[in-house]
Amino acid sequence: MNKYHYRILYFFGKLPFMPGYKLENSTKHPGKIFRYINFILAISVAGCSAAGDKILESSSKNSSLKWITDISASTHAENGVAKLQFIGAGGVYLSFPQGGVLVDPFYSNPGILSLASLRTLTPDTQTIDRYLPPLNDINAVLIGHVHFDHALDLPYIAGKLVENARIYGSATLKNSLATAIAPDRLIDVEPSMSVDGRGGQWLMLFPHLRVFPIKSEHAPHIGSWVVGSGNIEKPLDHVPRDVLDWRAGVNISYLIDLLDDEKEPLYRIFIQTSASSSPNGLAPNSVLDDGKAVDMAVLCAANYSKMEHYPEYLLERMNPQKVVLVHWEKFWTPYEPGQASPLPGLSLDNLYQRINAVLPQAEVSILQRSAIMRWSLDPGR
Ligand SMILES: [Zn+2]
């Protein structure tokens with residue numbers, strides 16, 4: 001830490017106790033000030049690492065780790081082609097010729113000051129309008145958990161979805177956004193979710209796409225503490241306000257199947273937007289051994305090293321041909337396509353080496369913000 005970091009820490013630490021400053025709802029949440037101080041420490045420590053840009057450089061020299069930086073491609077559906085756009089944080093736009101899915105879309109990226117001073121967070125509608133692709137092909141939105149960097153933009157984006165598109169997530173998602181999104185558009189998947197390799201069921205999103213929700217986990221931010229952990233059990237009368245009000249709820253991973261006209265799976269994607277430990281996030285054997293391999297795994301890079309044997313335990317069991325890493329960039333810096341550097345302290349090289357040790361044949365990709373990868377759905381190519 002240098003003098004600058006101490007000054008920031010001092011400023012953030014003093015802010016809630018300045019005359020006239022109101023720490024919203026602090027009396028309703030007795031542990032809030034304690035959690036707040038921890039949160040300040042966490043982000044101050046995170047801000048002390050300047051290793052991010054160097055890691056980006058060294059990773060791009062590794063020929064097997066594919067950096068995708070093409071931000072000029074279109075998300076529009078093309079025959080025989082699948083597309084994945086990395087939005088930012090855990091956000092993904094997934095497009096098939098038969099329809100598409102949005103996962104954890106997030107553009108607003110409130111700055112460190114807004115987060116640390118527990119300001120009410122609001123979607124940056126200008127940035128969303130500027131960079132969110134048209135949603136005509138999007139038939140469903142999947143939400144992994146309800147932290148602000150996964151759900152803050154959802155109410156605004158929901159207003160841009162086609163009328164019959166539904167949003168799938170936890171009971172906490174439904175309760176947190178009870179006043180912002182009509183209840184019939186928000187589907188609580190917890191009754192359909194598999195837990196510890198048992199139960200669960202496929203949900204049809206639309207005729208050619210189905211999803212299997214799986215209970216997963218969220219890596220801690222500091223020590224064993226997850227910022228904003230816990231569920232929202234009853235519908236709130238307001239949208240969550242500051243960073244601590246956005247409660248994660250149950251963390252959910254999804255298997256997404258693209259289906260042919262006979263309802264047989266053509267392409268299977270696993271997506272998980274938080275790091276976890278075994279057996280969280282793994283679908284039951286009845287699904288993983290149903291004859292359709294997992295083709296692609298989209299995995300969270302943030303805090304991967306805090307979870308034992310992650311992501312190896314997921315990859316060893318699913319053996320995907322392609323791996324895409326998300327949640328790797330500083331999601332508190334202004335959103336600019338093609339402009340992002342890795343999270344402080346995150347070694348993408350090390351993560352790549354670990355994936356490569358399990359899956360030497362797999363193609364491992366990291367996309368810049370708004371970059372798009374495309375691949376053929378023709379099994380012969
Ligand atoms: Zn989170």
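Read the figures in this text as sums done on the coordinates, not as results from a lab. Fair warning: this is a prediction, and the values are worked out from it, not measured in the lab. Note that each Cβ is placed from the backbone with ideal geometry, even for glycine, and that neighbours are counted across all protein chains shown.
Points worth noting:
- Top-ranked residue in the stretch 267-281 [being over 17 Å from R210 (Cα atoms) and more than 16 Å from the ligand (Cβ to nearest atom); ranked as surrounded by the most Cβ atoms within 10 Å (Cβ to Cβ)]: P279
- Residues satisfying the stated conditions in the stretch 317-330, i.e. over 13 Å from D295 (Cα atoms) and surrounded by fewer than 22 Cβ atoms within 10 Å (Cβ to Cβ): K330
- Residue count for the stretch 139-153, restricted to those that are acidic (D, E) and near the ligand (Cβ under 8 Å from one of its atoms): 1
- So A293, is it buried (at least 21 other Cβ atoms within 10 Å of the Cβ) and not basic (K, R): no
- The number of residues in the stretch 274-311 being within 21 Å of R198 (Cα to Cα), within 19 Å of the chain's Cα centre (by Cα) and not in a loop (DSSP other than H, G, I, E, B) comes to 1.
- Residues of the stretch 116-163 that turn out to be small (G, A, S), out of contact with any Asp or Glu (no Cβ under 6 Å at 6 or more places or on another chain) and closer than 15 Å to L102 by Cβ, as a count: 4
- Taking the conditions (1) more than 25 Å from V323 (Cβ to Cβ); (2) of a type outside the set (G, A, S); (3) in contact with a helix residue (DSSP H, G or I) (Cβ under 8 Å, 6 or more places away or on another chain) in turn, Q272 satisfies each one other than (1).
- Candidates are the residues of the stretch 188-204 that are among the aliphatic types (A, V, I, L, M) and surrounded by fewer than 20 Cβ atoms within 10 Å (Cβ to Cβ); the one that is nearest to S229 (Cα to Cα) is V195.
- The residue that is farthest from the ligand (Cβ to nearest atom), counting only those in the stretch 209-250 that are closer than 17 Å to E190 by Cβ, surrounded by fewer than 21 Cβ atoms within 10 Å (Cβ to Cβ) and without any contact (Cβ under 8 Å) to a residue 60 or more places away in the chain, is K234.
- Residue tally, condition of a type in the set (D, E, K, R) and under 21 Å from P311 (Cα atoms), over the stretch 260-290: 2
- Among the conditions (1) farther than 15 Å from I87 by Cα; (2) within 16 Å of the chain's Cα centre (by Cα); (3) touching a residue at least 60 places away in the same chain (Cβ under 8 Å), Y107 misses just one, which is (1).
- Of all the numbered requirements in (1) crowded, with 19+ Cβ neighbours inside 10 Å; (2) under 20 Å from P279 (Cα atoms), A171 misses one, and that requirement is (2).
- Top-ranked residue of the stretch 251-266 - restricted to ones that are crowded, with 18+ Cβ neighbours inside 10 Å and of a type outside the set (A, V, I, L, M, F, W, C), ranked as nearest to the ligand (Cβ to nearest atom): N251
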